[in-house]
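Single-structure report; data block below.
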Amino acid sequence: LNNIHFDDNLKGDSPLGLLRGIKHGTESYHVLFKRLCSYAGLHCVVIKGYSKSAGYQPGVRFEDNRFRNSWNAVYVAGAWRFVQCNWG
């Protein structure tokens, strides 16, 4: 994204407009991924919550916003699949 120059006349909700928003910090990858799934005819939702690591103990409450995150769930081949676009 750092090497791409975007036209200022792009529609904000187009794929290129969303990439421009990601570059400038006004959009996120999960929104772009949901839009691309929509173009492909796939049912996709955005899930908001907290990221947990292997050391997480069930029942421990998160109150620190540093761990807030968003990811996607896509319905493919009869099942929901989770996608975290930011983690590669």
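Residues that are small (Gly, Ala, Ser) and either touching a Ser or Thr at 6+ places or on another chain (Cβ under 9 Å) or on the phi < 0 side of the Ramachandran plot (or both) occur at least once in segment 78-88. Among the residues of segment 23-56, write down those that are touching a Leu at 6+ places or on another chain (Cβ under 7 Å) and either crowded, with 16+ Cβ neighbours inside 10 Å or modelled with pLDDT of 85 or more (or both). Of everything in segment 23-56, those that are touching a Leu at 6+ places or on another chain (Cβ under 7 Å) and either crowded, with 16+ Cβ neighbours inside 10 Å or modelled with pLDDT of 85 or more (or both) turn out to be Glu27, Val31, Leu32, Arg35.
Select from segment 1-18 the residues that are aliphatic (A, V, I, L, M) and outside any loop (DSSP other than H, G, I, E, B) and write down the one among them that is farthest from Arg68 (Cα to Cα).
Only one residue fits best here, namely Leu16.
Taking segment 57-80 as the region of interest, how many residues are surrounded by 10 or more Cβ atoms within 10 Å (Cβ to Cβ) and outside any loop (DSSP other than H, G, I, E, B)?
Residues in segment 57-80 being surrounded by 10 or more Cβ atoms within 10 Å (Cβ to Cβ) and outside any loop (DSSP other than H, G, I, E, B): 11 in total.
Residues of segment 36-73 that are aliphatic (A, V, I, L, M) and farther than 18 Å from Pro15 by Cα: Ile47, Ala54, Val60, Ala73.
Could you go through segment 3-24 and let me know if any residue there is touching a residue at least 40 places away in the same chain (Cβ under 8 Å) and not basic (Lys, Arg). No, segment 3-24 contains no residue that is touching a residue at least 40 places away in the same chain (Cβ under 8 Å) and not basic (Lys, Arg). Checking each residue in segment 30-81 for being among the small types (Gly, Ala, Ser) and touching a Gly at 6+ places or on another chain (Cβ under 9 Å) picks out only Ser70.
When residues in segment 19-56 are screened for being outside any loop (DSSP other than H, G, I, E, B), under 29 Å from Gly78 (Cα atoms) and not aromatic (Phe, Trp, Tyr), 15 of them pass. In segment 61-88, the residues that are hydroxyl-bearing (Ser, Thr, Tyr) form Cβ pairs under 8 Å with partners that are outside any strand (DSSP E or B), at six or more places apart or across chains, as follows: Ser70/Ser28; Ser70/His30; Tyr75/Leu42.
The values are calculated or read from the model by the stated rules, or taken from the named source; none is laboratory data. In this text, all values refer to a predicted model and were calculated from it rather than measured experimentally. Note that we place each Cβ from the backbone using ideal geometry, even for glycine, and neighbour counts take in every protein chain shown.
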